[in-house]
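Working notes, structure below.
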């Protein structure tokens with residue numbers, strides 16, 4: 001999270017605590033936080049796909065032993 005966004009979040013929290021947060025600021029906060037979560041979800045999906053691919057490429061024990069028996 002960027003320092004700019006952290007500052008904005010702190011400001012939104014302070015203003016929300018004092019009931020000075022406007023509807024437009026609330027919408028902006030939701031948009032920023034949602035976009036950050038969407039980016040994290042996409043990154044997580046990419047990592048999961050890479051793990052699945054790596055797992056699929058690992059041969060099973062039976063395949064490895066079968067190759068030894070054929071020698």
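The values are calculated or read from the model by the stated rules, or taken from the named source; none is laboratory data. Since we're looking at a predicted model, the values are computed, not measured. Cβ placement follows ideal geometry from the backbone for every residue including glycine, while neighbour counts extend to all protein chains displayed.
Contact map, segment 19-32: first residue on the phi < 0 side of the Ramachandran plot, second residue assigned to a helix (DSSP H, G or I), Cβ cut-off under 6 Å, separation 6 or more or different chains; pairs are 21/15; 29/12.
In the set (1) at pLDDT 80 or above; (2) in contact with a helix residue (DSSP H, G or I) (Cβ under 8 Å, 6 or more places away or on another chain); (3) in a helix (DSSP H, G or I), residue 36 fails one condition alone, (1).
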